[in-house]
Amino acid sequence: MADPVEILRLRREIEDLQNQALNAGILAEEANDKAREQKEKADNFRDKVVGDLVRVPIGSDFRRGSIAAVIATVRQQAHHIVIPQSAERDIDVLDRTYTAKPWAHHVADFFVAIEKFAKESINHRFSGDFFAWCTDDQDGGFSANKVSMQESIPTMQNPDLVAAHTFEVSRDLNSSGKMVMVAHAKIQIRGGGNIPRIFFYDDTKGPTRKVHIGFIGPHELVPTSSF
C-alpha cells in the first residue's frame, strides 16, 4: 500500500511543476508581448528613419544641374505649367555663367512653388494669387520678395516696353497666340541685366486651368522704364 506521506509529497511536487509550467507560460506570453512591442517600436523607428532619408525636399523634384535641364524636367513632370519653346531666351548664355547652378536651383524652386500653388488654386483650396501664396508661406519654398504681379505705370505706358512684355502663348489661352505678361519672378534679387527672370500668367481659375510661362531668360531682354 502506498505511503500517504509519499503520495502527498508527489501531489505537491506535481502542483509545483504545474505552477512552474503556468508561470513559465505567463512569462513566455509576457515576453512575446514585450517582443512584439519592441519590434513595433523598432519598425516605427525604421520607417521614420527611412522616411527621413527618402523624403524629397522642396525644390528637388525639379532640381537639375542647369536651367535648360530644369525646364526640360518641368515640361515632363509638371501637370499645371505650360512652357512653350518660345519662352526660352538665351538659356545657353545663362547656363555658361559661374552662377548657373544656383540659378538653376532657384528656377526649380520657383517651378515647384508655382506647381503647388496651381494645384491648390485649381481645386479651390487657395483663393489668392501667387504672390499671396508665397507671402502666406504655403510650403511653396519661394520668397515673396522675388515675386511681382505687376510692372510700373511708366513701363506699361511705353509701347516699346509693352511690346517687350508680349509673349507667345497657347491659342487656348488667347486666340491671338500672344499675351502681355507683367507678373514675374526674380531669380536673384540684386544684379545686372544677366539675372534670370521668369514671366508668367496665372490662368488656374480660367479655361486652361494652367500657369503659362511667357519668358525665361536674362532680365535685359525684357527691359522696364527703370532698367
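Where a number appears in this text, it was derived from the coordinates with a stated rule and is not lab data. It should be emphasised that the depicted structure is a prediction, and the values quoted were computed from it without experimental measurement. For neighbour counting, all protein chains shown are included, and Cβ atoms are generated from backbone atoms with ideal geometry for every residue, glycine included.
Each label point is 7 Å from the Cα along the Cα-to-Cβ direction; what then is the distance between the points at Ala72 and Ile153, in nm?
Placing both labels 7 Å along Cα→Cβ, they lie 4.6 nm apart.
Among rounded, prolate and oblate, which fits segment 67-221 when a ≥ b ≥ c are the square roots of the eigenvalues of its C-alpha gyration tensor, a/c under 1.5 means rounded, and a/b larger than b/c means prolate?
rounded
Can you tell me how much longer the chain between Asp90 and Lys119 gets when fully stretched, taken as 0.36 nm per residue apart minus their C-alpha distance, in nm with one decimal?
7.5 nm
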